[in-house]
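This report refers to the structure that appears directly beneath it.
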2 protein chains.
Amino acid sequence: MSTGGNNVATATNKQIILRDYVSGFPKESDFEFTTTTVELRAPEGSKSLLVKNLYLSCDPYMRSRMGKPAASGIAQAFTVGKPIIGFGVSRVIESGHPDYKKGDLIWGIVGWEEYSVVTPIPDMHFKIHDTDVPLSYYTGLLGMPGMTAYAGFYEICSPKKGETVYVSAASGAVGQLVGQFAKMMGCYVVGSAGSQEKVDLLKTKFGFDDAFNYKEEQDLSAALKRCFPKGIDIYFENVGGKMLDAVLLNMNTFGRVAVCGMISQYNLEDHEGVYNLTSIIYKRIRIQGFAVFDHYDKYSKFLELVIPSIKEGKIAYVEDVAEGLEKAPEALVGLFHGKNVGKQVVVVARE
Amino acid sequence: MSTGGNNVATATNKQIILRDYVSGFPKESDFEFTTTTVELRAPEGSKSLLVKNLYLSCDPYMRSRMGKPAASGIAQAFTVGKPIIGFGVSRVIESGHPDYKKGDLIWGIVGWEEYSVVTPIPDMHFKIHDTDVPLSYYTGLLGMPGMTAYAGFYEICSPKKGETVYVSAASGAVGQLVGQFAKMMGCYVVGSAGSQEKVDLLKTKFGFDDAFNYKEEQDLSAALKRCFPKGIDIYFENVGGKMLDAVLLNMNTFGRVAVCGMISQYNLEDHEGVYNLTSIIYKRIRIQGFAVFDHYDKYSKFLELVIPSIKEGKIAYVEDVAEGLEKAPEALVGLFHGKNVGKQVVVVARE
């Protein structure tokens, strides 16, 4: 940190820049690690904050921000030549906003850099009140992915005690929590993941009744039939494509599919076809997409359930932590190859 | 009609027999027209009825009954060597059931033959009380397809005034009514069908705001974009496959798809793939299959709405009538080639 000619302290600001719009699987070379300088103040007369970023979150939906603006999905596209953005946990260094003061902790959308100037937006930035849990949890279990699991399971799946629940990408940030919510409700829960290590985690750490490694199954429908001899009542969809096709064959009458994501499709130039949609008629299935930001009104209710459960050890949580912003591109890219075991976090600073 | 040796009157009974399970498009040669003899009485000691069939209904869902039992969908498979079954309007000739008497008119599942023995089953057989409308309407507008349109539109589509509604196979038994319900609610309604004659019918007879011939469109998504510059809020799905794919690209946020049928897929050995399902996430779309027999508790409410509307000329209805049971296979097969203009009915007897 130094003091510039205009008496404003400055600091170096490491950043992760998008080199160009991404097609296919993202590669580390799509991102550039650079160092610039930042003035350590919030822009004068603005309602913005200068924040120091502590933890950054790697989330599958970020793939939809990497394409050209027209091709992007629900989220705004990244800007080429600028730091990419995502959810993070940050400390307020200086505030121009009446509701925030120096020292506050927040989680929400920030740049992938050491310091960001952010203008707080409701439902995109949240003050952190309970610091009696690891702060990084606010990138996952206690942040956007946690709320996604909560809203998706309780609001979209219409779960009932005793029902069968299948979760794909089950060891990820969202999946691990969905499985635990389902167990808390008295459901029979099976998860799938892409390695034996993750499968073990599902069964031993997160309390899933059963789990399988989808990469080792020749026939996904047969695997599901083995795990669900009486069929699937609820499918929490994180994957799409072939997995959805296999699930449709194994759904029960009046089954529900909550569509949270379709990570298997995001990097394909041409999506896989899904062929078994006539099951929707025969089985009167409801398939429903949802987005977490339609559900943030339940965030405080969510925290009331989850924070005590963490403290009492009733909810387990596994993070895969990359140390240092320079490791961020590797961590983000690894997500789309299933390299992370648990929620992928990047530590920028531990303060 | 004659009297047999046991003093029971008999009659010849023309029948449409399933020769063998059908694969691909059904052909007339899959069915055999035969004549047998029937005793004109309800089996003694049973709660069955002997009925004389007046009108038979040709419905797309019947395709799912033509395959081998394991491959069939929601409905029970036909039996090879026996008359096929379907919805019809019939007169009770003799009754062993306390709730039915000779002369009653019913609609429900009967054999494709002149006389059937039926055991009335709730939600499969209904007494006809209002005969001040054409009786054949109970195979369509006032029967299963009408209830399908009613339940599908009001219960599954969650419609609101001012929304945009797209109906495929819109001139069919269900589609023509869905469009009119949507207009009654103050929606903007567009339908598609497979000929200029049907398109004209949609616009002039059924009051659709717009309509197009899907066979003349190179690009279904472009056609939908032209008809719905502001996107589709509700899609009433009768078709599936490529049409669903095109619709997904044109759905609005929080759009709803009521899946009634997917007639384009029923005769394919391998279903078409649907590729645009990631739209479900980005647009938070709800896709919901339904079956009319889950909704018959609303049948009397439905009649209270529809019968006066018919009598006051507020609801239009078009039938395509085949005269004589011998024409039934041709009429049924024609359905899967879109030959019918309006609801396909077979007249067995006008009494």
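The values are calculated or read from the model by the stated rules, or taken from the named source; none is laboratory data. Model, not experiment: these values are computed from the prediction. Cβ placement follows ideal geometry from the backbone for every residue including glycine, while neighbour counts extend to all protein chains displayed.
Within the range A:231-265, can you find the residues that are modelled with pLDDT under 95 and under 20 Å from A:Ala182 (Cα atoms)?
We begin by selecting, within the range A:231-265, every residue modelled with pLDDT under 95; these are A:261-265.
Answer for the range A:231-265, where residues must be modelled with pLDDT under 95 and under 20 Å from A:Ala182 (Cα atoms): just A:Gly261.
Just to be sure, is A:Phe212 among the aromatic types (Phe, Trp, Tyr), in the same structural domain as A:Asn276 (by TED's automatic domain parsing) and not in a strand (DSSP E or B)? Reasoning before the result, please.
Details: among the aromatic types (Phe, Trp, Tyr): yes; in the same structural domain as A:Asn276 (by TED's automatic domain parsing): yes; not in a strand (DSSP E or B): no.
The answer is no for A:Phe212.
Just to be sure I understand, how many residues within the range B:253-298 are over 19 Å from B:Cys157 (Cβ atoms) and not β-branched (Val, Ile, Thr)? Residues flagged as over 19 Å from B:Cys157 (Cβ atoms) and not β-branched (Val, Ile, Thr) within the range B:253-298 amount to 14. Scanning the range A:158-177 for residues that are farther than 11 Å from A:Ile234 by Cα and touching a strand residue (DSSP E or B) at 6+ places or on another chain (Cβ under 6 Å) yields A:Ser168, A:Ala170, A:Ser171, A:Ala173, A:Gly175.
All conditions in (1) in a loop (DSSP other than H, G, I, E, B); (2) at pLDDT 95 or above hold for A:Asn340, with the sole exception of (2). A single member of B:Ala331, B:Ala316, B:Ala349 is at pLDDT 95 or above, under 18 Å from the mean Cα position of the chain (by Cα) and either outside the structural domain of B:Ile84 (by TED's automatic domain parsing) or in a loop (DSSP other than H, G, I, E, B) (or both), and it is B:Ala316. Taking the criterion of being surrounded by fewer than 24 Cβ atoms within 10 Å (Cβ to Cβ), within 12 Å of chain A (Cβ to nearest Cβ) and part of a loop (DSSP other than H, G, I, E, B), the only residue of the range B:218-255 that qualifies is B:Gly241.
Annotation note: of B:Ser116, B:Ser136, the sole residue that is in the same structural domain as B:Leu325 (by TED's automatic domain parsing) and under 15 Å from the mean Cα position of the chain (by Cα) is B:Ser136. Here A:Gly273 meets the list (1) touching a strand residue (DSSP E or B) at 6+ places or on another chain (Cβ under 7 Å); (2) within 14 Å of chain B (Cβ to nearest Cβ); (3) in contact (Cβ under 8 Å) with a residue 24 or more places away in the chain almost entirely, failing just condition (3).
Only a single criterion out of (1) among the aliphatic types (A, V, I, L, M); (2) more than 10 Å from every other protein chain (Cβ to nearest Cβ); (3) touching an Asp or Glu at 6+ places or on another chain (Cβ under 8 Å) is not satisfied by A:Ile315, namely (3). The single condition among (1) more than 14 Å from chain B (Cβ to nearest Cβ); (2) over 21 Å from the mean Cα position of the chain (by Cα); (3) assigned to a loop (DSSP other than H, G, I, E, B); (4) surrounded by 19 or more Cβ atoms within 10 Å (Cβ to Cβ) that A:Phe206 does not meet is (2).
Quick check: anything in the range A:5-14 under 21 Å from A:Gly338 (Cβ atoms), small (Gly, Ala, Ser) and not assigned by TED's automatic domain parsing to the domain that holds A:Val174? No, the range A:5-14 contains no residue that is under 21 Å from A:Gly338 (Cβ atoms), small (Gly, Ala, Ser) and not assigned by TED's automatic domain parsing to the domain that holds A:Val174. So for the range A:173-181 (the condition being surrounded by fewer than 18 Cβ atoms within 10 Å (Cβ to Cβ) and free of Cβ contacts under 8 Å to residues at least 40 places away in the same chain), does at least one residue qualify? No.
Scanning the range A:256-269 for residues that are at the interface with another protein chain (Cβ under 7 Å from one of its Cβ atoms) and either assigned to a loop (DSSP other than H, G, I, E, B) or touching a residue at least 60 places away in the same chain (Cβ under 8 Å) (or both), we see that the one that is farthest from the chain's Cα centre (by Cα) is A:Gln265.
I'd like to know if the range A:293-307 contains one or more residues that are more than 21 Å from the chain's Cα centre (by Cα), aromatic (Phe, Trp, Tyr) and within 11 Å of chain B (Cβ to nearest Cβ). No, the range A:293-307 contains no residue that is more than 21 Å from the chain's Cα centre (by Cα), aromatic (Phe, Trp, Tyr) and within 11 Å of chain B (Cβ to nearest Cβ).
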